[in-house]
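Colleague: Submitted below is the structure of interest, expressed as structure tokens.
Read-outs: derived from the displayed coordinates by stated rules, not from any lab. None of these values were measured; they are calculated from a predicted model. A quick note on method: Cβ atoms are made from the backbone with ideal geometry, for glycine too, and the neighbour counts reach across all protein chains shown.
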Ligand SMILES: *Cc1c(COP(=O)(O)O)cnc(C)c1O
């Protein structure tokens, strides 16, 4: 029998998160690899899910998602960004942002199309683009004293007559970058000039620090008609296992995403949908406390990473901080380092090279997550301090 694996998927192997989380369990390590919080979300949200199960909301919800959640998503886009979406025609509930991305990409791309993506990038992007028979054209985000930056000439050169889409993630995983207003304007101008779709992954929209503000691409002049906005309740309500995400887009783009999505899961998570609706309607204080709590563990982790001897690149948002390991491990081999770290000190991290189309660009970079209780971060910092003592 020939190799049963679809050749489009063959390059991707098993996701690194599964491998590293298994290693964390095996070695009893603190898992700062995969980004999931170790505390539960707000009571209002948890209780709403329990109540929904008890009251019998356990069968297939409507294909677009339950009306109340679509309404709550529309209210959320209006409240935070002043964006108006019609819950009946412009909002689609998905199995997490992951399925929203798959629906948006599989639903719009033709074989041979090109998608411009900043690298490093979330690992499902490359696989979904490949499944669509399209090609990723990466544009490098390079760490600098002013944060991660891209080169405008490189971005312009990446756009060709075959480019169909720019896929943008802001706030950005794994770098913790928040794209600046000037960068967002440049990207939107290019999208308009070349008549491109912009798919934006905004799952970290509320995990943003130091007074920075999330700018939604769809709200920039000329962008509403061509933007597919994606987010999820997982990161915002500490419910990453619920997999309730969404797409907001004008009808033609929403229909394209829906066309693919309906044959992936059809629908999901009936009792979690009203619970995420309750979450989206929480007061402003919930959202600001979420960010300030995470900023505190980010700060603590940063001090520890500095003390362990790494070169630390500051994180402006998200769960993640990236370090250059070269001062600690002169050969700069991030994969080998992450494989050894659990055995050396009992901490798991992720080698950033898995997020690159060109892995050598991220060879010496490693990502640590701060979305854990402060005492867990303290313990991880304590363990990591043995690296500089050794
Ligand atoms: C976590 C994450 C996702 C996936 O979100 P789910 O709702 O869990 O599917 C998508 N994009 C980025 C950048 C993420 O970090």
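Colleague: Take residue 58 and residue 225, extend 7 Å from each Cα along the Cα→Cβ direction, and tell me the distance between the two endpoints in nm.
Modeller: 4.8
Colleague: Now for a separate question. Taking square-rooted eigenvalues a ≥ b ≥ c of the alpha carbon gyration tensor, is the stretch 126-276 rounded, prolate or oblate, where a/c under 1.5 means rounded and, failing that, a/b exceeding b/c means prolate?
Modeller: Verdict is oblate for the stretch 126-276.
Colleague: Shape verdict for the stretch 216-280, please, from the Cα gyration tensor: rounded (a/c under 1.5), prolate (a/b greater than b/c) or oblate. Walk me through the numbers before you get to the answer.
Modeller: Numbers: a/c = 2.75, a/b = 1.39, b/c = 1.97.
Judged from the Cα gyration tensor, the stretch 216-280 comes out oblate (a/c at least 1.5, b/c at or above a/b).
Colleague: What nm value, rounded to one decimal, do you get for the distance between residue 50 and residue 210 when each label is placed 7 Å out toward the C-beta?
Modeller: Simple spin-label model gives 4.0 nm for this pair.
Colleague: Given the convex hull over the Cα atoms of the chain, what projected area results after averaging over all orientations, in nm²?
Modeller: That works out to 19.7 nm².
Colleague: Compute the projected area of the convex hull of the Cα atoms of the stretch 58-162, averaged over all viewing directions, and report it in nm² to one decimal place.
Modeller: If you wrap the Cα atoms of the stretch 58-162 in a convex hull and average its projections, you get 9.5 nm².
Colleague: Separate question: Can you tell me, using C-alpha contacts under 8 Å and at least 6 residues apart, the relative contact order of the stretch 262-390 as a whole percent?
Modeller: Value for the stretch 262-390: 26 percent.
Colleague: Please tell me the relative contact order of the chain in percent, rounded to the nearest whole number, where contacts are Cα pairs under 8 Å and at least six residues apart.
Modeller: 24
Colleague: Considering all projection directions equally, how large on average is the shadow of the alpha-carbon convex hull of the stretch 4-88, in square nanometres?
Modeller: 10.7
Colleague: If every alpha-carbon in the stretch 124-165 counts as one equal scatterer, what log10 I(q)/I(0) does Debye give at q = 0.16, 0.17, 0.29 1/Å?
Modeller: -0.54, -0.59, -1.00
Colleague: I'd like the distance between the alpha-carbon centres of the stretch 268-330 and the stretch 365-379, rounded to an integer number of Å.
Modeller: If we compute the Cα centre of each part, the gap is 9 Å.
Colleague: For Cα pairs less than 8 Å apart in space and 6+ apart in sequence, what is the mean separation divided by the residue count of the stretch 295-342, i.e. the relative contact order in percent?
Modeller: RCO, the stretch 295-342: 26 percent.
Colleague: Stick to the Cα atoms of the stretch 163-227, pair each with every other, and give me the Kirkwood hydrodynamic radius in Å at one decimal.
Modeller: Roughly 12.1 Å, rounded to one decimal.
Colleague: May I ask you to list the residues of the stretch 279-312 whose amide nitrogen lies under 18 Å from a point 7 Å from Cα along the Cα→beta-carbon direction of residue 38?
Modeller: Answer for the stretch 279-312: 293-305.
Colleague: What's the FRET efficiency of residue 292 with residue 3 using the Cβ-Cβ distance as r and R₀ = 41 Å, to the nearest 0.05?
Modeller: Plugging the Cβ-Cβ distance into 1/(1 + (r/R0)^6) gives 0.25.
Colleague: Something else now. Subtracting the Cα-Cα distance from 0.36 nm times the residue separation, let me have the gained length for residue 284 to residue 192 in nm, one decimal.
Modeller: Values: separation 92, 0.36 × 92 = 33.12 nm, distance 3.36 nm.
Gain on stretching residue 284 to residue 192: 29.8 nm.
Colleague: Follow-up. How large is the convex hull of the Cα atoms of the stretch 299-390 per residue, expressed in Å³ as a whole number? Before the final figure, lay out the partial values.
Modeller: Values: hull volume 8.0 nm³, N = 92.
With only Cα atoms used, the stretch 299-390 gives 87 Å³ per residue.
Colleague: Please say if the stretch 235-390 is rounded, prolate or oblate, where rounded means a/c under 1.5 for a ≥ b ≥ c the square roots of the C-alpha gyration tensor eigenvalues, and otherwise the choice is prolate for a/b larger than b/c and oblate otherwise?
Modeller: Judged from the Cα gyration tensor, the stretch 235-390 comes out prolate (a/c at least 1.5, a/b above b/c).
Colleague: Need the full-extension length gain, residue 311 to residue 335, defined as separation in residues times 0.36 nm minus the C-alpha distance. One decimal, nm.
Modeller: Here the answer is 6.9 nm.
Colleague: Neighbour counts of other C-beta atoms within 10 Å: give me 123, 38 arranged from fewest to most.
Modeller: Listing 123, 38 from fewest to most nearby Cβ atoms yields 38, 123.
Colleague: Kindly put 90, 379 in sequence by how many other C-beta atoms sit within 10 Å of each C-beta, fewest to most.
Modeller: Lowest to highest Cβ neighbour count: 379, 90.
Colleague: Which value in deg cm²/dmol, rounded to the nearest 500, describes the helix-derived mean residue ellipticity at 222 nm for the chain, given -39,500 (n - 2.57) per DSSP H run of n ≥ 4 and division by the residue count?
Modeller: Dividing the helical sum by the residues of the chain leaves -12500 deg cm²/dmol.
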